[in-house]
Structure formats: structure tokens, C-alpha cells
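The values are calculated or read from the model by the stated rules, or taken from the named source; none is laboratory data. Just so you know, these numbers come straight off a predicted model, no measurement behind them. As a convention, Cβ positions derive from the backbone with ideal geometry for all residues, glycine included, and neighbour counts pool all protein chains shown. Surface areas here come from the heavy atoms of the whole protein model, side chains and all, with no ligands, DNA or RNA. Shrake-Rupley method; radii C 1.70, N 1.55, O 1.52, S 1.80 Å.
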Amino acid sequence: MNKSERDRVVFQSIHDMSSSHYLTKAEPILNSDVTEDIDDINDILELYNISLFFDNGVYLKSWSDTDFATYKEKVDTFKSAIVRYISNVDDSNFLSYFENIHYNYYESFWELINKFKRYKNISPSNIEAVLKKKPHQIRYLLSHKKIVSKYNRVLCNFLKEHQKSAEILLSIYEVENSFNKNQLYLPSFLTIQDKENIISSYIDSENCNTSYLPIIQNAKKNSGFRISDKTKLKAKRKYQQSTKDFFDNGSSSSIKYGVAISYPENATKVKHAWIEQDILHYEFSLDHIKDNNHPYILYENFKTVFEYMDEQNIIALTSKENQLGILERILGVRSKTEYVYGVAFTQLEMASMGQIYTYTNVLKGLGHSLENILKTVFNNILPKLYDLPSNINLTVPTENASALEKVRTIAPEFESILKQYKLFVENEKIDFEFLQMSSGPTAIKDIPSLNVNKYIYIRKDEQKNKILNHLLFSDQTLLTYVEPFKDKKYKNFVDLLVNEEEINFGNYEEYQYEHLNYLIDENYISINTSNLVDVTNWNRILILRDIFENEVASFYHYPADIQEEVINMSKEGIVYFGSSLFAESEQNYFNYYLNKSDFTNGLDLRNSYLHGTQANPTEIHLHENSYLLYLKLLTLVILKIEDDLFIFNKLKTNSE
């Protein structure tokens with residue numbers, strides 16, 4: 001066949017979007033006779049890759065049933081040719097075969113060596129020679145458990161010296177696998193101390209990728225991998241120094257952004273926001289706050305003015321996958337147990353912290369304190385508005401206490417109101433003597449709701465849902481690229497559907513038909529008699545959009561017709577329900593700030609203050625920031641409790 005590497009057929013995965021491209025390249029081979037005297041190993045590996053498409057049921061939609069059956073029969077003959085060829089690989093010719101392999105076929109080569117157990121006929125010295133010449137082959141070797149076992153000592157010795165071994169270890173134990181990479185196996189001769197030494201040497205080396213340092217610093221302990229506190233501290237200090245050096249050098253590639261907040265008098269709007277020179281500006285009407293100074297309204301400003309909550313009373317400050325830019329999604333490395341966020345989340349946090357700081361000062365100027373407002377709402381107003389027990393209690397710090405003393409007061413009170421609400425939901429009353437029987441903190445996920453089936457989530461593990469999510473909502477979809485709307489740059493296909501009434505199916509290119517036909521087959525769109533694209537079920541589309549944008553939707557904040565559609569989607573296995581006070585994204589948000597049980601990069605506020613490992617008492621600004629953060633979290637908890645009570649009362653009233 002004698003082809004260049006770029007003309008070869010490569011099987012990537014069953015979900016890879018390049019499959020049709022490579023299958024088109026495979027057609028000339030499928031339509032020709034394959035000779036038995038193949039002498040180029042790349043020809044054999046190409047036949048193997050073509051066979052993988054058929055083994056995994058991947059084929060061109062343009063093929064008829066007869067075409068597929070004919071090609072399948074042809075592919076079956078490939079396999080005998082592959083076996084004959086690979087069976088001849090042994091210690092005497094291994095290196096000569098290996099040196100001729102195209103880059104895209106290395107993985108396939110080792111798969112066949114493993115599959116047909118040819119490693120039994122290849123000496124350790126030849127494996128050493130391969131690794132010495134091409135060290136990157138180590139990942140292919142580590143992908144096969146039997147090969148690792150066969151060359152245990154060789155691979156162990158190589159990993160001890162290889163400059164990328166630390167990154168391999170971290171990819172196995174810590175780093176998130178975002179690209180369906182193969183599972184890697186380590187030689188049993190590599191001890192826990194060997195792994196520690198590899199990590200420590202990596203931190204000291206000039207080849208250290210500083211993106212891995214926070215992962216090392218926050219690494220979790222497990223039976224096969226433990227990094228000492230000494231090594232973690234070394235990683236932390238090197239990362240801090242590298243960050244300082246980066247900004248001291250005035251790198252032109254750095255991104256600068258900020259938040260400015262003001263409360264003008266005589267403002268024409270209650271709230272106004274704009275961006276100017278990468279600064280996000282907020283203006284909030286001081287007159288509006290002065291004229292509506294009832295404690296309940298001042299508390300509600302966090303929802304109505306500062307927009308801590310969205311229209312479904314879901315916390316709007318959480319990190320969301322769809323807010324990550326394409327570069328934030330694919331660049332860099334992150335821990336598999338990391339709370340993932342990007343610039344959008346950071347800006348929201350800067351804004352929300354700035355808002356609670358400035359609002360606290362505005363309230364002081366009006367003779368109020370935020371702490372007493374929250375106390376009044378929780379202890380007095382909510383019990384009057386809803387069926388909350390009158391003995392529910394929130395104690396707040398004294399005004400003259402230091403920031404550290406305030407945190408030490410509010411931290412256990414935060415835990416207390418969660419426990420109180422849990423008791424109320426479970427027992428319809430709050431027994432403080434019973435409450436005192438449990439001294440440990442309550443997990444955020446364990447706080448129940450008064451309302452069953454409160455939240456709606458999409459089943460992310462379903463492949464069909466992944467495809468729909470990409471076609472309908474991804475900013476990488478090609479379906480927005482259609483005349484005459486190309487220049488409008490809609491962010492996704494649903495955005496196009498919502499804003500344009502006349503989308504002509506005939507204006508799409510042939511390469512886009514496959515995705516459009518998929519949506520037609522799944523009954524999300526149809527083509528009318530005027531050849532225009534119609535949405536088949538708007539309710540379903542809008543439900544999915546809510547879940548895509550927020551990662552959750554609130555069932556009881558929908559009208560009856562949309563609730564009915566949600567139930568249908570649940571029966572079809574598209575969505576499922578959850579019943580807890582906090583949605584999963586909200587639980588993650590709280591856990592990121594409060595502890596490290598779920599996220600290795602968490603701030604661990606709860607444990608640091610309860611166990612006395614917080615910042616030095618003289619670092620007042622750090623304790624002031626922690627206190628403001630606790631105030632924000634406390635406010636969010638009260639808002640969520642009120643929403644739960646509101647839904648419960650509404651359902652109760654409707655049933656009477």
C-alpha cells in the first residue's frame with residue numbers, strides 16, 4: 001500500500017467525530033483485494049484499525065445493509081492476515097519492525113503484542129532499548145497489565161530515572177482523565193517510597209511543570225500512593241515562588257480583571273452593571289435600600305438586588321461547566337478530586353464578596369447590622385411566615401468581637417442551623433436536648449428537604465444524553481453555522497432556535513446533515529413543508545436548557561405543563577429527581593469552602609477553625625475575609641431554607 005502517515009486510517013474511539021472521515025479513507029481498501037505478502041507493518045496495523053471500526057459497530061450511514069455485510073466479510077479476512085504477521089514478531093526482528101512504525105500506530109502495535117502474547121518472545125533488553133530511544137513509549141507499555149508484569153524490573157528501573165515519571169504517577173492517582181486515556185498499571189517492584197522519591201525529585205528538577213504542584217500539595221493518601229507533608233510543603237512553596245516570579249516579571253500574557261461596587265444616591269435604576277477596561281462595575285441604588293429598610297426586605301436584597309439566587313431559587317454563584325471557556329476546559333492539568341472553576345466563577349466570587357462587604361458597611365450607616373438582620377429573619381420572621389418551629393435559633397457574634405472571635409462564634413452556629421432544620425424535617429419539631437447528643441458536623445448532602453422530587457438532574461452517564469447535550473447546547477457545535485445567521489455567532493443550536501424563526505434546512509451543508517438527522521430521529525426537531533426547521537417539543541428543550549445552564553432545575557418552580565413533561569422525561573430515563581435541601585451543585589459549592597472531604601483544593605474553613613489550624617491570629621485580614629465568607633454562606637443557607645418552606649406551604653395550600 002506504501003502510503004504516507006497522514007493518509008492512513010486510524011480508529012480513535014467509538015464516539016470520535018472523525019470516524020466518518022477515516023471510514024471514507026478505508027473504503028478503497030475495503031473495495032480491493034488484500035494480498036497475503038504484506039511486508040510493511042503499517043499496512044497490517046492499518047487493517048487492524050479498520051477492523052476496530054467494525055468490531056465496535058461504527059460504520060458510514062451511507063452504506064447499505066448489503067455494503068456493510070460485504071465489508072464485514074472482507075474485514076474478517078483481515079484478521080487472519082494480522083495474526084499471521086504478528087505471530088512472526090520475535091526477539092530477533094522486534095526492533096527492526098518497531099523502528100518502521102508510524103506514530104499513530106504505536107498504540108495499536110502494543111495492543112497486538114499484548115493480545116497475541118508476543119511479549120513472551122521479546123527480551124527485556126529489547127524493551128530497554130526501545131525506552132532508551134523513545135521514552136514516550138512508556139505510557140503504551142504501562143497500558144497493558146501483562147506486559148507490565150513481564151517487564152517488571154525493567155519498567156521499575158526506568159520509572160525511577162525518567163523525568164516524566166512523576167506526571168505518570170499523578171495521572172494514575174490524582175489527575176482528572178478528561179480524554180478517555182487508557183488505564184495505566186505500575187510495576188509491583190515500584191514501592192511507595194520510590195514513588196515519594198520520584199515526586200520529590202520532580203519538584204526539585206528544572207523540568208517540573210508548575211501546574212502539577214498544587215495537585216502534589218493537595219494529593220490524597222491511598223493504599224498505593226502517599227506523599228509526605230514535607231514534600232507537599234515543598235510543592236506549595238515552589239508554586240508560591242513560581243507565581244510570584246511570574247507576576248514580578250510583568251508577564252504580558254497575564255489576564256487582569258476586577259470588580260468595582262458603589263451605592264449612588266439619586267440613581268435611575270435599582271441595580272446597574274457594566275464592564276469597562278476589564279473591570280466589572282456594579283451600582284446599587286442607595287435610595288432604594290434606604291426606602292425599603294424592613295429587615296426582611298434588607299435580607300431579600302441578596303436575592304432580588306445582588307442576585308445570589310436565580311429565578312428558581314438555585315444559588316447562582318456556583319461553578320458551572322458551561323461557563324468554562326474552551327481553553328479552560330482543555331488546557332492545564334487538574335486533580336480528579338478538584339473543585340473545577342474558571343474566570344467566570346472567580347469574577348462571581350469577587351463580586352459576591354465585594355457586595356457583602358460593601359452592603360455590610362451600608363447597613364451600618366443606616367443603623368443596622370447584617371448579623372442582626374439574619375438573626376431576626378431566621379428566629380422571628382420565617383416562623384411567622386411558614387410552619388417553622390418558634391424555638392428555632394440563630395446566635396450571632398457581638399459587634400465588638402475580633403474577626404477571629406466572630407468566626408469562632410459563627411462557625412458552630414452555621415452547623416447548628418443546619419442540624420436544627422434537619423431535625424425539623426425529620427421530626428416536625430426541634431428538640432435541642434436531642435440536638436446536643438450529636439457533636440459532629442452534619443454533611444451538607446445529608447440535609448433533607450420537606451419536598452420530594454425537588455430537583456431535576458440529567459443522566460450524564462447516558463451516551464444519548466451526552467450527544468444531545470453536545471448538539472443542542474455546546475459552543476462547539478457546527479449547527480449554528482448556517483446562512484444567513486453565520487455572522488450572528490449564536491452560542492449554541494438552541495440559542496439559534498430560540499432567536500430565529502426561519503432556519504432553512506436546505507442552507508445546511510452535507511457534513512451537517514448527520515447531526516440534524518440525529519435530532520430529527522430523536523424527535524427534537526422536524527422539517528416542515530416549507531423546508532424550515534421546527535422544534536418538536538419546546539417544553540423539553542427549555543427544561544434541558546435550564547439543566548444545562550445550571551446543572552439542575554427546580555421541579556416545583558415550573559408550571560403544571562412543564563412538570564408533566566419532566567415526569568415524561570424521567571420515565572424515558574433522560575432525567576432523574578433528587579430530594580435534599582441543597583442541589584448537588586450547591587452541595588459542591590459549600591463543600592469547596594467548608595472542607596476538603598470532597599475537593600482537594602477546598603478552603604477547609606470548617607476544619608481549620610474547629611481544629612485550631614486557621615491563620616495566625618495576627619493575620620487579621622484573613623480572619624475578616626473568612627468571617628465575610630461565613631456570613632455569605634449563612635445567608636445562602638437561610639435563603640435555601642426559606643425556599644424549601646415556601647414550596648412546602650404552596651403544595652400544602654394547593655392540596656387543601
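Within segment 81-91, the set of residues being of a type outside the set (A, V, I, L, M) and farther than 18 Å from residue 150 by Cβ comprises 84, 85, 88. The residue that is nearest to the chain's Cα centre (by Cα), counting only those in segment 14-60 that are closer than 30 Å to residue 94 by Cβ and among the β-branched types (Val, Ile, Thr), is 50. Checking each residue in segment 269-280 for being without any contact (Cβ under 8 Å) to a residue 24 or more places away in the chain and part of a strand (DSSP E or B) picks out 272, 273, 274, 275, 276, 279. If you go through segment 552-597 and keep only what is within 25 Å of residue 338 (Cβ to Cβ) and among the charged types (D, E, K, R), you end up with 584, 586, 596.
Is there any pair with a first residue in segment 574-594 that is closer than 13 Å to residue 637 by Cα and assigned to a loop (DSSP other than H, G, I, E, B) and a second that is open to solvent by 10 Å² or more (accessible area, probe 1.4 Å) and among the hydroxyl-bearing types (Ser, Thr, Tyr) whose Cβ atoms are under 7 Å apart and which are 6 or more apart or on different chains, and what are they? Within 7 Å, the pairs are 580/449; 581/449.
Give the residues of segment 301-319 that are open to solvent by 40 Å² or more (accessible area, probe 1.4 Å) and more than 27 Å from the chain's Cα centre (by Cα), sorted by residue number.
304, the sole residue that qualifies.
Against the definition (free of Cβ contacts under 8 Å to residues at least 12 places away in the same chain, open to solvent by 50 Å² or more (accessible area, probe 1.4 Å) and assigned to a helix (DSSP H, G or I)), how does residue 514 come out, yes or no? Explain how you work it out, then say what you get.
Details: free of Cβ contacts under 8 Å to residues at least 12 places away in the same chain: no; open to solvent by 50 Å² or more (accessible area, probe 1.4 Å): yes; assigned to a helix (DSSP H, G or I): yes.
Considered against the rule, which asks whether it is free of Cβ contacts under 8 Å to residues at least 12 places away in the same chain, open to solvent by 50 Å² or more (accessible area, probe 1.4 Å) and assigned to a helix (DSSP H, G or I), residue 514 comes out as no.
Annotation: of all residues in segment 83-110 being in a helix (DSSP H, G or I) and β-branched (Val, Ile, Thr), the one that is least open to solvent (accessible area, probe 1.4 Å) is 86. The listed residues are 472, 519, and the only one of them that is within 29 Å of residue 577 (Cβ to Cβ), crowded, with 16+ Cβ neighbours inside 10 Å and in contact (Cβ under 8 Å) with a residue 60 or more places away in the chain turns out to be 472.
Take the residues in segment 433-445 that are more than 27 Å from the chain's Cα centre (by Cα) and outside any loop (DSSP other than H, G, I, E, B), then tell me which one is surrounded by the fewest Cβ atoms within 10 Å (Cβ to Cβ).
433
What about residue 479, is it part of a helix (DSSP H, G or I) and crowded, with 16+ Cβ neighbours inside 10 Å? When the stated conditions are applied, residue 479 does not pass them. Checking each residue in segment 28-49 for being crowded, with 16+ Cβ neighbours inside 10 Å and free of Cβ contacts under 8 Å to residues at least 40 places away in the same chain picks out 29, 47.
Considering (1) buried (at least 18 other Cβ atoms within 10 Å of the Cβ); (2) of a type in the set (Phe, Trp, Tyr); (3) under 22 Å from the mean Cα position of the chain (by Cα), the lone condition that residue 577 does not fulfil carries the number (1). Only helices (runs of 4 or more DSSP H) whose full extent lies in segment 306-405 are considered here, and the ones with at least 1 residues that are at pLDDT 90 or above are 343-365, 370-376, 382-385.
Going residue by residue through segment 543-553, is there one that turns out to be modelled with pLDDT of 95 or more, open to solvent by 50 Å² or more (accessible area, probe 1.4 Å) and of a type in the set (Val, Ile, Thr)? Within segment 543-553, none of the residues are modelled with pLDDT of 95 or more, open to solvent by 50 Å² or more (accessible area, probe 1.4 Å) and of a type in the set (Val, Ile, Thr).
Residues checked against (1) in contact with a helix residue (DSSP H, G or I) (Cβ under 7 Å, 6 or more places away or on another chain); (2) within 22 Å of residue 45 (Cβ to Cβ):
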position	(1), (2)
116	yes, yes
125	no, no
130	yes, yes
137	yes, yes
140	yes, yes
150	yes, yes
154	yes, no
160	yes, no
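Among residues of segment 446-463 being part of a loop (DSSP other than H, G, I, E, B) and among the charged types (D, E, K, R), the one that is modelled with the highest pLDDT is 454. Which residue pairs have Cβ atoms under 8 Å apart, sit 6 or more places apart or on different chains, and have a first residue in segment 368-382 that is within 13 Å of residue 293 (Cβ to Cβ) and in contact (Cβ under 8 Å) with a residue 24 or more places away in the chain and a second that is part of a helix (DSSP H, G or I) and open to solvent by 50 Å² or more (accessible area, probe 1.4 Å)? So the pair list comes out empty. Within segment 111-125, the set of residues being open to solvent by 60 Å² or more (accessible area, probe 1.4 Å) and not in a helix (DSSP H, G or I) comprises 116, 117.
For residue 283, indicate whether it is farther than 21 Å from residue 637 by Cα, of a type in the set (Asp, Glu), touching a residue at least 60 places away in the same chain (Cβ under 8 Å) and buried (at least 18 other Cβ atoms within 10 Å of the Cβ). It is false that residue 283 is farther than 21 Å from residue 637 by Cα, of a type in the set (Asp, Glu), touching a residue at least 60 places away in the same chain (Cβ under 8 Å) and buried (at least 18 other Cβ atoms within 10 Å of the Cβ).
If residue 266 meets every condition in (1) touching a residue at least 60 places away in the same chain (Cβ under 8 Å); (2) open to solvent by 60 Å² or more (accessible area, probe 1.4 Å); (3) assigned to a loop (DSSP other than H, G, I, E, B) apart from one, which number is that one? That leaves (1) as the condition not met. Pairing residues of segment 487-506 that are of a type in the set (Val, Ile, Thr) and buried (at least 19 other Cβ atoms within 10 Å of the Cβ) with residues that are at pLDDT 90 or above and part of a loop (DSSP other than H, G, I, E, B), at Cβ distances under 7 Å and at least 6 apart in sequence or on separate chains, gives 503/482.
Scanning segment 388-432 for residues that are without any contact (Cβ under 8 Å) to a residue 12 or more places away in the chain and open to solvent by less than 10 Å² (accessible area, probe 1.4 Å) returns no hits.
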